[in-house]
Amino acid sequence: MAEMQQIVLTRYCDGPPVPDDFALETAPLPEPKEGQFRVAHVWCSVDPGTRSRLSGGDSYAMALPLGKPIDGFSVGIVDASRNDMFPVGTKVFCAGGWKTHSIQSGRGFIGKVPEAPVPLSAWIGVLGVPGLTAWFGMKTIAKFKEGDAVLVTSAAGPVGATAGQLAKAWGASKVVGIAGSDAKCDFLTGEAGFDAAINYKTAPDLTAAIAEQFPKGVDVLFDNVGNEMVNRVLPLMALNGRICISGQVADYNLTPEETPGIVNTKPFITHRVNMHGLVVFDFAREFPEALQTMAGMLASGKLKSNEERFEGIVKMPEAFCGLFRGENLGRRVVKVGEDS
């Protein structure tokens, strides 16, 4: 019997995830039913937001049961089909999980990969959920407008780097990123085109460093870090400033009791600051237009993407765990199959 491979959750994560929380299993290769098709994954992604489902409690998504494959995004090729809309050979991106194959119906988060001169893996990176999160977080949630001064946290990650580049392309007066190493800061001010970058690990006074970059205040805070960062920046917001809560990578591993509070609330009144959270799937109907635009920007070099590539599905747990040690510079993707 033909088999597939998958990574499953063997125990709930307590604090930062470790590889022993996961296991590689084999399972029978599933066959599509009427209206379904099977995708042979080529690339799978690891996403920090997945962490919120791995402690046994519900977040904005339900907790993942033990023994179940880890959720994630994949891009691959249809290798068996009983759906005329997705014949064998069609390249698709989908929510396929940490598996070598998945069964799809054509509903939910899935799309055909357009012909474009970009790497296949980009469709689960800058042209996938991270890029879409950056697009709608900056454009719709933060209500970006030309001339805004923008601060992006966890800025060297795929969401943050894309958000900052989009802000620059749309006419920001200044874009500053916060990251955790000199190499990441160099990437931001070099290839990604940020105006400045702050290494939060070496800045003697992070609040003062941010204030120095924004003498007139921060118009848009695009935050991927969590409550402590939001609390720090709130007093530095400009009049009518907007905060997009895109992610909380520093808080995902904390219990509710350990999670820092937000106490600097006065600017919500004095500076009319607006703070809004983001779940990107709320904008699913608008995905095609955003992806078409970003694909053109990527192909023309106006949008840069940095990937860290791993080989083999067995590497997925380590690639994922490294996200929470701050090791990644850009999008982490794992090759789990062949692209031809």
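Before moving on, here are some points about what is shown:
- Added length on full extension, which subtracts the Cα-Cα distance from 0.36 nm per residue, Arg107 to Lys143: 10.0 nm
- With a Förster radius of 56 Å applied to the C-beta separation of Asp182 and Arg82, the computed FRET efficiency comes to 0.60.
- Label corresponding to Cα extents along the principal axes in Å when calculated from the structure given, among (1) 69, 52, 37; (2) 85, 48, 37; (3) 65, 43, 34: (3)
- Applying a threshold of 20 Å to the alpha-carbon distances of Lys145/Lys168; Lys139/Lys335; Lys201/Lys315; Lys99/Lys315; Lys139/Lys304; Lys143/Lys304 flags Lys139/Lys335; Lys201/Lys315; Lys143/Lys304 as lying beyond it.
- The charge dipole of the range 195-280, taken about the Cα centre with unit charges on the Cβ atoms of Lys, Arg (+1) and Asp, Glu (-1), comes to about 320 debye, rounded to the nearest 20.
- 20 Å Cα-Cα reach of Lys68 towards aspartates and glutamates, excluding residues that sit fewer than 8 places from it in its own chain: Glu3, Asp14, Asp20, Asp21, Glu25, Glu31, Asp47, Asp58, Glu318
- Length added when fully stretched, Glu338-Lys201, from 0.36 nm per residue minus Cα-Cα: 45.4 nm
- Gaussian network model of the chain, Cα within-10 Å springs - most flexible of Arg107, Arg232, Arg309: Arg107
- Global geometry of the range 76-187, whether rounded, prolate or oblate, following the gyration tensor of its Cα atoms and the 1.5 cut on a/c: prolate
- Label-point gap, in nm, between Asp282 and Ala2 - each point 7 angstrom along Cα→Cβ: 4.1 nm
- Relative packing of 40-51, 284-295, which averages over residues the other C-beta atoms within 10 Å, highest first: 40-51, 284-295
- Basic side chains Lys and Arg get +1 at the Cβ, acidic Asp and Glu get -1 at the Cβ, and with that the dipole of the range 35-158 about its Cα centre reaches some 200 debye.
- Annotation: Asp20 carries an accessible surface of approximately 110 Å², with a 1.4 Å probe and no ligand, DNA or RNA atoms counted.
- The range 289-340 and the range 110-147 have Cα centres spaced 13 Å apart.
- Here Lys33 and Glu318 are evaluated by their C-beta separation; at R0 = 41 Å the FRET efficiency comes out at 0.75.
- With the charge dipole of the chain set up from +1 on Lys and Arg Cβ and -1 on Asp and Glu Cβ about the Cα centre, the Cα lying farthest toward the positive end among the listed residues His276, Pro117, Pro48 is that of His276.
- Net charge dipole, the chain: roughly 740 debye, given to the nearest 20, about the Cα centre with Cβ charges of +1 for Lys and Arg and -1 for Asp and Glu.
The values are calculated or read from the model by the stated rules, or taken from the named source; none is laboratory data. What you are looking at is a predicted structure, and each value in this text was computed from that prediction instead of being measured. Using ideal geometry, Cβ is built from the backbone for each residue, glycine included, and neighbour counts are taken over all protein chains shown. Calculation scope for accessible area: heavy atoms of the full protein, side chains included, ligands and nucleic acids excluded. Shrake-Rupley method; radii C 1.70, N 1.55, O 1.52, S 1.80 Å.
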